[in-house]
Amino acid sequence: MAQSVKGTRDLFGGELDWFQRIEDTVRRAFHRHGYSEIRTPILEEIEVFKRSVGESSDIVHKEMYDFFDKGKRHVAMRPENTAGVVRAVIQHQMLATSDPQLLYYIGPMFRYERMQAGRYRQFWQIGAESFQVSTPESEAESLVMLYDFLRELGLTQLTFSINSVGTPECRPAFHEAFRAFFAAREAEFCEDCHRRIEENPLRVLDCKNARCQAALEGHPVLVDFLDPASREHHERLKEILTTLGLPFEENPRLVRGLDYYTRTAFEVLSTDLGAQSALLGGGRYDGLVKQLGGPQVAAFGWSIGLDRLVTLMQQLHGKAPRQAPPVLIPLGPAATLKALELARAWWAAGLEVVLETRGAKLKNALTTANRQGAPLALILGDGELEQGVVAVKDLAAGTQEAWALDTVQQRLLDRR
Ligand code: HAM
């Protein structure tokens, strides 16, 4: 029997209920803040990711689902969506004026990762990207939106972990100091870090190897090498977060696994489940639009791993609150035809009703309704039809009463 591909999974039932509930909550938050949705293709030319996420990043170096299509184009299934959104805003000249562009997306991403709890090869992200906004205030606006919708979902133990990774101009001095630090203890670092120190020294700070993390003790920190404008930006953001009461801590090793960040880089950590874990990440990427062939514009954004957020919701709140609809059970051909007419009118009125269409016996139909968690069974037999009523069985209480047919719609609406 065929199984889903390793690292991918089917979403349905209770888990999907949470996906939908979170998506609804986040869409409302995005719309309140004036963000519009963008849907970009899953397939992009591989260069889009190589030139943005970076060839030295693990994502491009080790984890990309890339292949040559039948037209011999080298394409990749998107490992993230910032690069695709940037490609799209350039292609559609969305940055022709200096107006801010506030965009969001919800969709699947693909990374060929080593399997471990909470990490998938097809996973889902919700992301926000804003263009032509350069101020720390604009970052705060995006972070407030993020923080408040996570709170709306019931998460309370949240902390922003923030850093400034500066600009490409202030990095050479940092790289020099960092390479000297690395050279003095290079035997303590893993083989990957020896490659990273050549390709992109910042990546060494991000190494997951515990020995490398220990060897980093006392390393030169980026914030000491910031140019005055980047320093001022960083200080101002911290001031705003403090004023707005968004909890944060500074993390000088936070560089994130992608190459495009400038100035602010951040993650959101949650201890809602005990052990601290990163729910999401993002930052400023002022050079990326130009790097991919567009104008020089400022940009900022973040993405949440939806799978991880759903797991958190399930562990914190159990099942997503969802009431199964009542079931309408007609008995016999005349009642079935009438039931189709009635249900059609109720659906048009916005009611949720499941229609029993199998021609099942009452006992079997009630068993199914109970298994589906229906609160009410509306039973329509020839006798009820003659009297102009429907027998309404409360499946939890086991009680039954007759409702006049012309009152059912209103009574169901009143129960919502
Ligand atoms: P990222 O940190 O690579 O950033 O991914 C963001 C989030 O996606 C992670 O915090 C995690 O929750 C989730 N995630 C990543 N890989 C997996 C996986 N294999 N399984 C489950 N969840 C995963 C980005 O992707 C950037 N595009 C964020 C950004 C937007 N920066 C600026 N704008």
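Taken together, the values in this text are just the output of simple stated rules run on the coordinates, not laboratory data. Note that the structure is a prediction, hence the values are computed from the model and not measured. Ideal geometry is used to build each Cβ from the backbone, glycine not excepted, and the neighbour counts take in all protein chains shown.
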* To do: Rounded to the nearest 500, what is the 222 nm mean residue ellipticity of the chain from helices alone, with -39500 (n - 2.57) per DSSP H run of 4+ residues and division by all residues?
  => -11500 deg cm²/dmol
* Asked: Hey, what angle do you get for helix 171-183 against the long axis of the chain, alpha-carbon based, 0 to 90 degrees rounded to 10?
  -> 80 degrees
* Going by the alpha-carbon gyration tensor, a ≥ b ≥ c the square roots of its eigenvalues, is segment 66-192 rounded (a/c under 1.5) or, if a/c is not under 1.5, prolate (a/b greater than b/c) versus oblate? -> rounded
* Structure fact -> Per GNM of the chain with C-alpha springs under 10 angstrom, the most fluctuating residue out of GLU386, GLU137, GLU169 is GLU386
* Estimated FRET transfer efficiency when R0 is 60 angstrom, pair ALA402-ARG151 (beta carbons, to 0.05) -> 0.80
* Any chance you could list the semi-axes, whole Å, largest first, of the equivalent ellipsoid that the Cα gyration tensor gives for segment 149-192, using √(5λ)? => 36, 17, 8
* Asked: Which of the peptides 63-71, 85-93, 289-297 is most tightly packed, and how do the rest follow, judged by the mean count of other Cβ atoms within 10 Å per residue?
  -> 85-93, 289-297, 63-71
* When the chain is treated as a GNM, springs tying every alpha-carbon pair under 10 Å, which of ARG358, ARG196, ARG121 comes out with the largest mean-square fluctuation? -> ARG358
* Asked: If R0 is 22 Å, what FRET efficiency do you get for SER56 and ALA210 from their C-beta distance, rounded to 0.05?
  -> 0.55
* Principal axes first, then extents: for the Cα atoms of segment 133-229, list largest minus smallest coordinate on each axis, whole Å, largest first. => 48, 32, 21
* Would you please classify the overall shape of segment 325-373 from the alpha carbon gyration tensor, given that a ≥ b ≥ c denote the square roots of the eigenvalues, rounded means a/c under 1.5, and beyond that prolate means a/b larger than b/c while oblate covers the rest? => oblate
* Does segment 44-95 come out rounded, prolate or oblate by the C-alpha gyration tensor, with a ≥ b ≥ c the root eigenvalues, rounded set by a/c under 1.5 and, if not, prolate when a/b is larger than b/c and oblate if not? -> oblate
* Got the relative contact order for the chain handy, in percent, Cα pairs under 8 Å and 6 or more residues apart? -> 16 percent
* Under 20 Å from a point 7 Å along the Cα-to-Cβ line of ALA183: which residues of segment 199-219 have their amide N that close? -> 199-205, 215-219
* Asked: By DSSP, what percent of the beta bridges with both residues in segment 298-416 are antiparallel, rounded to the nearest 5?
  -> 60 percent
* Asked: Taking springs between alpha-carbon atoms closer than 10 angstrom, which of GLU341, GLU186, GLU199 fluctuates most in the Gaussian network model of the chain?
  -> GLU341
* Structure fact -> Summing +1 per Lys or Arg and -1 per Asp or Glu among the other residues with Cβ less than 15 Å from GLU152's Cβ gives +1
* Rounded tilt (10° steps) of 13-32 against the dominant C-alpha axis of the chain -> 70 degrees
* **segment 48-152: relative contact order as a whole-number percent, Cα under 8 Å and 6+ apart** => 21 percent
* **Straight-distance crosslink candidates among lysines, where the alpha carbon sits under 16 Å from LYS290 and sequence neighbours closer than 8 are dropped** => LYS50
* Structure fact -> Stokes-Einstein, Kirkwood over Cα pairs, segment 339-416, 4 °C, 1.567 mPa s; D in µm²/s equals 100 µm²/s
* To do: Kindly put TRP347, TRP18 in sequence by how many other C-beta atoms sit within 10 Å of each C-beta, fewest to most.
  => TRP347, TRP18
* Structure fact -> Under the 7 Å Cα-to-Cβ spin-label approximation, LYS319 and ALA117 lie apart by a distance in nanometres of 2.4 nm
* For segment 1-124, would you read off the P(r) tail past 22 Å as a percentage of all alpha carbon pairs? => 48 percent
* Structure fact -> Between GLU45 and ASP24, Cβ-based FRET efficiency (R0 45 Å, step 0.05) works out to 0.85
* **Of LYS6/LYS208; LYS361/LYS393; LYS6/LYS62, those spanning more than 20 Å from alpha-carbon to alpha-carbon** => LYS6/LYS208
* Where Rh denotes the Kirkwood radius from the mean inverse Cα pair distance, what is Rg over Rh for segment 225-382? -> 1.30
* Where does the chain land on Rg(C-alpha)/(2.2 N^0.38 Å)? -> 1.26
* Eligible aspartates and glutamates near LYS338 by straight Cα distance, threshold 14 Å, same-chain separation 8 or greater -> GLU356, ASP382, GLU384, GLU386, ASP406
